[in-house]
Amino acid sequence: MKRLITIILAMTSIAAAAQPQHFGYTNPVIPGFNPDPSVCRVGEDYYLVTSTFQYFPGVPVYHSKDLIHWEQIGNCLTRESQLNLKNANSGGGIYAPTIRYNDGTFYMVTTNVSGDGNFFVTTKDPSGEWSDPVWLEQGGIDPTLYFEGGTTYMVSNPRNGIYLCEIDVNTGKQLTESKLLWQGDGGRYPEAPHIYKKDGWYYLMIAEGGTEYGHSITIARSRDIYGPYESNPDNPILTNFSRLGQNKEIQGTGHGDLIEDHEGMWWIVFLGFRPQNGSHHLLGRETCLESVEWHEDWPIVNGTGTADLQKQIATLPQVEVPQLPMNRLAYGTKKPFFIHLNTPTEENYQFVRDTVLRLKPTRVSLDEAGSPTFMAIRQDKFDFRLDTEVSLSSATLGDYAGLTVYMENNAHADIFLRQEKSSKKQCVVVEYTLYGLKYKACETLVKKGPVQLRVDGNKTAYTFFYRDEKGKWVEAGTLDTRLLSTETAGGFTGITLGMYAVSPKGGGFSYADFKYFRYR
């Protein structure tokens, strides 16, 4: 018996030794509102960008050593001279960026659909400042750049097809006429084009089907960059809108970018979303990762052309990134993960007494397409708790400040502290704004002074609390998550969780202090 146990243990040890040292990961690799990912490699470092639509700063930059663990190191568009978001909503602003590296310079090319169209910015340091925009002439959305032999090519999708032209990379001037390369394999909205070269073939990869449940990735190839391009007979190379993918925990897969890692393995980053309440999703389109193998000069994604939540495959040596602290205000306003609606007025955000954030309210509310006094993070987990302590100072009648669960200006749920007619009275309010309707779930007078507010979230509900004078948390309202979902509210973003302040009459001297902003 002892000998049998010894043999079993020895076999287990051998099996463990044979297991790859670096194995397995979970999708999404960048959770929460991070759609339209694009990636490039410089040596053993990987850089990735995603779309931001009406949020400022624009286009987060993530860094990784293993394609699995990502840390946000900055944003590409941090100045008003780079990013005009006047009156942009969640269907406007910055669409799908592409990041590329060539001859010592990083390029990020994208579209401001609420502004002047396609442009790129450059930098030597992706964690630092990027240049002012270089504007491009070829229209469409989802532009990308391809560099070869001293020539810079631009690809985008004007006129419902994928077009290519040569540009002057210094001025953005178009040097050749736009040439139609491919219109895809029949799916609607051919978009997200990227060109790659491998083993003498030019590959043109795009997304089709629209960025909903029918999303997919297709690919074509040619020996000449100008075509003609032949479609992959096994298109789409990635979709979960199929019998194999229909029951998977990730849906809406599409809009990808291929990358060869520094050990010679191939991968694809792409967007997908996770339904959380029936067929509804709230966290937005997230960044996912799948393995790629090549067969007969065509890429095969994950062996099946579908995407999985749990991955049991060999990876690059995995390198963890620093975890964010529970109190996000420990970082200050300049940390790159904080976002605002439209272009913010910087003097309305000030830190006092270490990590206390002071917000100066304006007349602009969360219901409008302007820039309210609002600072938020992306919701990136189904289950969370968010809490703060807020106090109103020099407030005039009707001034209010608090926490918001925000999808769109016509779809958000808020808990806030409001100044009443008497200077010694204030009220805790829970209010839902849903497609032109407003509903107050709670309106309770509380003692003047700081008040603690809380939001708990899970797959099916957001629940709002305040702490009463006896120190007890009081439930003040619950909202079904489906009412804030993308399927209900529309738009291209995901839920953000924010602090905000509004002065309907514009008193001019009031402010709101947030002692902490804890997310866990």
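Filter the range 223-252 for residues that are touching a residue at least 40 places away in the same chain (Cβ under 8 Å) and closer than 22 Å to LYS179 by Cα; which is surrounded by the fewest Cβ atoms within 10 Å (Cβ to Cβ)?
Among them, the one singled out is TYR226.
Can you tell me which residue in the range 424-470 is nearest to the chain's Cα centre (by Cα), limited to those that are among the basic types (Lys, Arg) and over 27 Å from GLN276 (Cβ atoms)?
ARG467
For the condition at pLDDT below 95 and either out of contact with any Cys (no Cβ under 9 Å at 6 or more places or on another chain) or within 20 Å of ASN34 (Cα to Cα) (or both), what is the one hit in ASN112, ASN84, ASN118?
ASN84
Tell me, yes or no, whether the range 11-28 has at least one residue that is over 26 Å from ASN157 (Cβ atoms), surrounded by 15 or more Cβ atoms within 10 Å (Cβ to Cβ), modelled with pLDDT of 95 or more and not aliphatic (A, V, I, L, M).
yes
Specify which of the listed residues (PHE33, PHE106, PHE53, PHE119) is at positive phi, buried (at least 20 other Cβ atoms within 10 Å of the Cβ) and among the hydrophobic types (A, V, I, L, M, F, W, C).
Just one listed residue meets the conditions, PHE53.
Which is within 25 Å of PHE338 (Cα to Cα), outside the structural domain of GLY272 (by TED's automatic domain parsing) and at pLDDT below 95, of SER510, SER485?
Only one candidate qualifies: SER510.
Of (1) under 22 Å from the mean Cα position of the chain (by Cα); (2) at pLDDT below 95, GLU346 satisfies all except one. Which?
Condition not satisfied by GLU346: (1).
Among the residues of the range 349-370 satisfying the criterion of being over 14 Å from GLY332 (Cα atoms) and at pLDDT 95 or above, which is surrounded by the most Cβ atoms within 10 Å (Cβ to Cβ)?
Only one residue tops the list, namely PRO361.
Applying the selection to the range 284-340, what residues are more than 24 Å from THR52 (Cα to Cα) and of a type in the set (S, T, N, Q)?
Scanning the range 284-340 gives SER291, ASN302, THR304, THR306, GLN310, GLN312, THR315, GLN318.
Please give the strands (runs of 3 or more DSSP E) falling wholly within the range 390-472 in which 3 or more residues are touching a residue at least 12 places away in the same chain (Cβ under 8 Å) and more than 26 Å from ASN342 (Cα to Cα).
In the range 390-472, 425-434, 437-447, 451-457, 461-467 are the strands (runs of 3 or more DSSP E) which contain 3 or more residues that are touching a residue at least 12 places away in the same chain (Cβ under 8 Å) and more than 26 Å from ASN342 (Cα to Cα).
Suppose the filter is at pLDDT 95 or above, aliphatic (A, V, I, L, M), in the same structural domain as LEU181 (by TED's automatic domain parsing) and out of contact with any Lys or Arg (no Cβ under 7 Å at 6 or more places or on another chain); does ILE250 pass it?
Criteria not met by ILE250.
Of all residues in the range 398-425, which are surrounded by fewer than 24 Cβ atoms within 10 Å (Cβ to Cβ) and of a type in the set (Val, Ile, Thr)?
If the condition is that a residue be surrounded by fewer than 24 Cβ atoms within 10 Å (Cβ to Cβ) and of a type in the set (Val, Ile, Thr), then THR404 is the only one that fits.
When you check ALA369 against the structure, is it under 21 Å from ILE94 (Cβ atoms) and either touching a Lys or Arg at 6+ places or on another chain (Cβ under 7 Å) or of a type in the set (Gly, Ala, Ser) (or both), yes or no?
Spelling it out, ALA369 is indeed under 21 Å from ILE94 (Cβ atoms) and either touching a Lys or Arg at 6+ places or on another chain (Cβ under 7 Å) or of a type in the set (Gly, Ala, Ser) (or both).
Please verify whether TYR202 is surrounded by 20 or more Cβ atoms within 10 Å (Cβ to Cβ) and without any contact (Cβ under 8 Å) to a residue 40 or more places away in the chain, treating the condition exactly as stated.
Yes: the conditions hold for TYR202.
Report, by residue number, each residue of the range 257-306 that is of a type in the set (Gly, Ala, Ser) and more than 16 Å from the chain's Cα centre (by Cα).
Across the range 257-306, the qualifying residues are GLY264, GLY278, SER279, SER291, GLY303, GLY305.
Among HIS255, HIS281, HIS262, which is in contact (Cβ under 8 Å) with a residue 12 or more places away in the chain, touching a helix residue (DSSP H, G or I) at 6+ places or on another chain (Cβ under 6 Å) and in the same structural domain as GLY214 (by TED's automatic domain parsing)?
Every option except HIS281 fails the conditions.
The values are calculated or read from the model by the stated rules, or taken from the named source; none is laboratory data. The shown structure was predicted, so the numbers you read here are calculated from the model rather than taken from an experiment. When we count neighbours, we look across all protein chains shown, and the Cβ atoms used for this are built from the backbone with ideal geometry, even at glycine.
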